Every structure is written in structure tokens, then in C-alpha cells.
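Taking it in order: structure first as C-alpha cells, then the write-up.
What follows is calculated from the coordinates using simple rules that are stated; it is not laboratory data. Because the structure is a prediction, the values reported are computed rather than measured. A quick note on method: Cβ atoms are made from the backbone with ideal geometry, for glycine too, and the neighbour counts reach across all protein chains shown.
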């Protein structure tokens, strides 16, 4: 049996000879390098893609990746070096001698860049195997990226030629020329900035656009706008200056959009804002003829809106503008208040002058508020911070006028009596809303309440309100502002008026049932003393017998229905209708109760004879102040029912009076001395303030007790803070005032100091 021995190939081979490997690389590289050169010569169409690709593939497979990568790198670098010298270097000297021709530098760089990128794409295609295998293993940039780095280091940042500095200079010069109004080649600049954006630094993230151009661009731009803003603000008024600033901002935005990059826009915008706006805020606002004040005075809404837009761009701009607007409002308010003070003497001399002054003050404030409300909407875009600044300024100057609460109440009184006649509901509501806005600024709302109650009382008692609906609408607005407690007494007045009408109907039935007859028609309004501003003690007055008989009948009727109630008759708040017979004709006179008492005295005086002031005073029993005012109304006013001797507007203790039988008047019915709203005199104002101060003490003590009843124990500072918070809706109490009320409550044993700590109070139930 024969056996066959199998011959196997040995596993250990002799090493390949180095000379063979080098020889293979040289042969293959020669083919590949020739192909790359052909690509650079723009003759790639003559190449066989398969052959060139296989050459690169074989070199990587045979472990020649390092030689291949470095060979390609050197070949590209040599090409770029030679091209930079041949094409770019010649135009650099032209740019030095003629800056306007500098754009040629950009075009030549861009031409080389485009050719280089095209070549890189083709070279990368034939070296795909190297980029997929050798490059990642060696942690090297891909062929395309390596080519971009070479363009950066060989061309843009060439160590041999000043290309980088010329590129920067030309780009900056072109932008400066455009800023000055020249036409430039935006396409050339855009191509270069796109090139700089595509080329990265060694980290592969940040583009050289920032380091090679943007930083220098921002630096030179800051200097440009610093110089330009100093010149413009010196030669142009603020409105024109702001228009130019806005134009510059728009130009830079478009510049970044068209041929730089959107990422540069916020940076250059910040520079323009800092150099042209932030550094000149005060100058723009305070310029004498065309600054902020003049724009506000002339109602230049477009310029104000532009100022608002521009100032809002910088950190302190809005605050400066708000302060400027607020300061102007305060100055306007100061002027309005000064006019009031200058006219105060005339207000003291007569009710009409004082009311006219009050109406004028409120109307001027309303007009000012309306003007700035319009500016807030049209120029400041309803910005909340501007609205707060405007309101704060109004609040400040309004409260500097001590008569502001009285003036506002008089204004509303005038509107609700006269001005609303013939106006639509919308017009009425609009005026009341505006007035309520001013009321909101008042710090002493309790003083306003006192005046409003007095004026409402006069309107209701003398039938001067145009409508209950309008009156209730105003009270509803006040309730929204201050709460139920503020308006509860005002609403109680309406309740009394309604109940009085019902009671009068019952009184008439009572007269019919009992067959009683009053000497005159009697119309009684029963007022709850806590609701109405009635004096605690009625004014003394000797009523005629017929008056007393009629009131006595009504009292018996009322007390029979309301056991325990006591009626007090106030002659200062009523009025009487009289039939007076003169030589020419008869007239119906509507006069105050006190005037009726005076006039009825002359029924017993023979025709042509007089009564002295002293005699009238004795017969009527009226106090001097009320008697003189009453005599003034019937003897010195428009309708002279009595003739005074000597003739003058002032009433003296030695004057005499007689019935004016020769009085003539076209009107059959005449109203005389109906109680009218008027501005208080300094003496009356002092009395009102004393009453208000007394009421404030009670309100403060009530607030202290409410807080302590809830807390049981509280330290001084927190108690003061909580009480101020509760009372701010009515008035602004001072800490010292609250401290005095605390002491008073301690004395009356509502509170006590905590043992061992005098700053803490305990509530005593």
C-alpha cells in the first residue's frame, strides 16, 4: 500500500524587501500626484477616475497612508503658495497705491478660494478610502478639512505675503466707504466673509471670521461711531439726531443680513447703541430747544415714539426717559398749583370766584392727564413702567395742593348739577371715569369724602341732581376705588330720600284721616344724623307761628309712627316758596328758610318804612354770620327784594332795610339764595381740617383695635405697618400719629405693654 505526503505551504515567510515597497509607492504616487496636478490645472476631464481612485486605495492597503497623506498635503500647499504669489501678490501693491481698487484683492482671493474648494472636492473623492480608514485611525483632519487649513495658513495667514492685513484693510475700507455713502461691491465682500466663516480654527469649531475680521470690525466700528456721534449731536437737534441713529441701526442690520453674518448683528448693534445712544442720553433729553420737554410741549408723538424705541435699547435709557417725563409733569402741575395759589384771594372773596377757580384747576389737571394718556398710548406703547411714572408724578403734584379734595368734589358737583344736561350716557361715563382717575391719586380720600357728602346733600335736598342714576353711578365708581365703608353713608342718604317720600305720602293720608290742616304745604325730608353732614346743634332761628304750627303737626305724626325718635329741625338746609306782591306784578320766590323768615317780617311793616339790622336780628334770632349772609342774598344780589341803606355789598350793623315794592323781573318764578357749592374760606377750611383730624383719630384707633384683636400680641413696628396698610385707602397716617393713638388706647385699657418688653403690645379683651 503506497502513501502520499501532502506538501503544505510554510507559515513563516521571509520579509518583503523595503526597496520593493518604496518602489511600489513611488510608482503609484507618481500616478496620483500627476492626477492631482491635472485637477489643479482644471483638466480633470482627462483623468480616469477608476485608475486614480485605485491608486489611492492601493497605497492605503499597502500601509502607505502616512506617505500618501503628507504627499497630498505638500502638493496642495505648493500649489497654493505658487498661486498666491502669481495671482494675489500683484494686486496687493495696487491696493496700497489706490484704496478704491482694493476690491480687486477680494476678488482674486475669492477666485483662488473657489478654485481651491472645487479641487478639494475632487481630490477628496479619489481619496475616500484614506479618509475612511487611515485618517480616523491617525486622528487627522479629512482631506477637505486639511485643504481648508492649508488655505488658511498658506494664503490667508501667509507667512510670506501680507495677504491677511490687506484682506482686513480692504474689507474695513469698503464698509467705511459704504457708511459714508459710497457704492461698494457687496458681492465681493459677501464672498469673502462666507469664505472666512467656512474656514475653521484648529479646534474645528470656531471660524476664522471672528479672529481675522469680526473683532477688528467691531473695534473700528466703535471708533467710527464714537467720532460720528460726537459730531452729529453737536450739529443736529435731538429729533434729527435720533433719526440718524435709527438709520445707522437699520443700516448695520441690513449690512449683517446682506454680506456679513446674522451673528455679528447683535454685537454691532450694541456698539451703535452704546456710542450713539447711551453716551448721549442726558444731552438728548436736556437740549434746550428740541429736547424732551419741547417734544412733550409740542406733542411730537412720532419723535417721542422714536426716543422711546431708542432709549429702551440701552440699560438706563428707559429710566432716564421716565424721569424726564415725570419731571415735566411735575413742572406742569406746579404751574397749575401756582396759578391756584395766585388766585386764592379772589376765591376768598366770593363763592363764584372760588368755584370757578376749582373747576379750572380740575379741568386743567384732567386736560394734562388726557394729553399724557394719549402720549402713553401713541408714543410709549402703553409701557407699564411709563404708566407708573406718569401716575406717580400726577399723584405727587396733585397732593401738593391742599385744596385738591375740595376742588375735585366741587368739579363733580358742578358736573352732576349742570354740565351733564343733554349729554349721552357714554359721555357722562367718560367724564366720571376721568375724574375718578384723579380721585385715585388723592392721598386724603377722607377729606374728599367729607366735601362730597356735603355737596351731595345739597344736590339731593334742593333737587339739583340731573338724575339719581348718574349719582348712583358715581358712588359705584367710588365704591370700587375705596370699598363699601367709604360709600355706605352716601348710599344711606339715598335711602333717607326714598323713605322721606314714602313718609310724606303717609303724612298726607294722616291729614286726611284726622282732618287736620297745616297752615302751609309742608314737604319734610327726614335725615339720619349719622349719614348726613348736619351740624350737631341746629342754628337758632325764631320761626313764624305758621311754620311752628305745621312742624308741630308733622312731629306728632312722625313720633306716633316711630317711637323713641326725636326730630331736630335744621333751618339752614331747607327752602320755602313765597308769593310776593310788587307794584308791577306778583312773583313766586324760592328762598332759603332763613331768607323766608326775614322777608315775612316785612308783612307787618307799613309801606315805605324800614327795619334796622338790629331789629331784624332781634326778631329772627339768627346768628350774625347767617343773618348777614341771608340779607346779602335778598338785598345785594341779582334780585334785590329788599333795599338796603346805605348801598354796598357788605352788611353793617347800622344798615336799614325796606321792601322793594318797585322790583321788576320778567321771570314769574325766581330762585334766590339756594344753597350753592362754594370754596371754603381759610377759617372754614381750618374747621374742616380739625374735624377730619378728629375723625382720623377714631379711624386709627379702630384699625389698631382690629389688628390687635386678631393678633392678640404684636410688636410696635409690625403693628404700625399693618395699621398703615389698613388706612392707606382713606389717608396716609404717620407713624407718630399711630403711636399717639396706641398710647391713648393703653390709657383707656384697650391695650397693655407686655411685661419685660415694652415694644410688644397685648390686646385686652
Among (i) 1.78; (ii) 1.36; (iii) 0.94, the entry that matches Cα Rg over 2.2 N^0.38 Å as calculated here: (i)
Inter-label distance, nm, simple model (7 Å from Cα along the C-beta direction), residue 26/residue 539: 13.5 nm
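List the relative contact order of region 499-571 as a percent without decimals, with contacts defined as Cα pairs under 8 Å and 6+ residues apart.
38 percent
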Rounded FRET efficiency, nearest 0.05, which uses the C-beta distance separating residue 144 from residue 382 and R0 of 56 Å: 0.55
Estimated FRET transfer efficiency when R0 is 51 angstrom, pair residue 153-residue 301 (beta carbons, to 0.05): 0.30
Full-extension gain in nm, residue 427 to residue 46, via 0.36 nm per residue minus C-alpha separation: 128.1 nm
Antiparallel bridges, percent of DSSP beta bridges restricted to the chain (to nearest 5): 90 percent
Shape box of region 682-763 [Cα atoms, principal axes, largest first, Å]: 48, 24, 18
Kirkwood hydrodynamic radius of region 399-534, from inverse mean 1/r over distinct Cα pairs, in Å: 16.4 Å
Pairwise label distance in nanometres, residue 645 with residue 101, each label 7 Å out on the Cα-Cβ vector: 11.8 nm
Largest-first principal axis extents, alpha carbons of region 306-447, Å: 54, 36, 26
CD proxy at 222 nm, helix term only [per DSSP H run n ≥ 4: -39500 (n - 2.57); per residue of the chain; nearest 500]: -20500 deg cm²/dmol
Mean separation of Cα contacts under 8 Å, 6 or more apart, over the residue count of region 682-763: relative contact order %: 32 percent
Net length gained if the chain between residue 717 and residue 237 were fully extended (0.36 nm per residue, minus Cα distance): 167.5 nm
Helix 384-398 vs. the chain, principal-axis angle (Cα, 0 to 90°, nearest 10): 30 degrees
Peptide ranges 197-204, 738-745, 446-453 listed from the most packed, as the mean C-beta count within 10 angstrom indicates: 446-453, 738-745, 197-204
Hydrodynamic radius (Kirkwood) for region 18-206, which is based on Cα pairs only, to one decimal in Å: 18.0 Å
Distance in nm between pseudo-label sites at residue 497 and residue 555 (7 Å out along the Cβ direction from Cα): 2.8 nm
Size-normalised alpha-carbon gyration radius of region 574-671, reference 2.2 N^0.38 Å: 0.99
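Apply 1/(1 + (r/R0)^6) to the Cβ-Cβ distance of residue 74 and residue 223, taking R0 = 35 Å, and write down the FRET efficiency to the nearest 0.05.
0.25
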Region 524-591-region 458-497 distance, computed between alpha-carbon centres (Å): 23 Å
Three-way shape call for region 225-311 based on the alpha-carbon gyration tensor, with the a/c threshold at 1.5: prolate
Linear extension gain, residue 258 paired with residue 37, 0.36 nm per residue minus alpha-carbon span: 75.9 nm
Between helix 545-561 and the chain: long-axis angle, C-alpha atoms, 0 to 90°, nearest 10: 60 degrees
Nearest-ten-degree value, helix 215-235 long axis tilted from longest Cα axis of the chain: 40 degrees
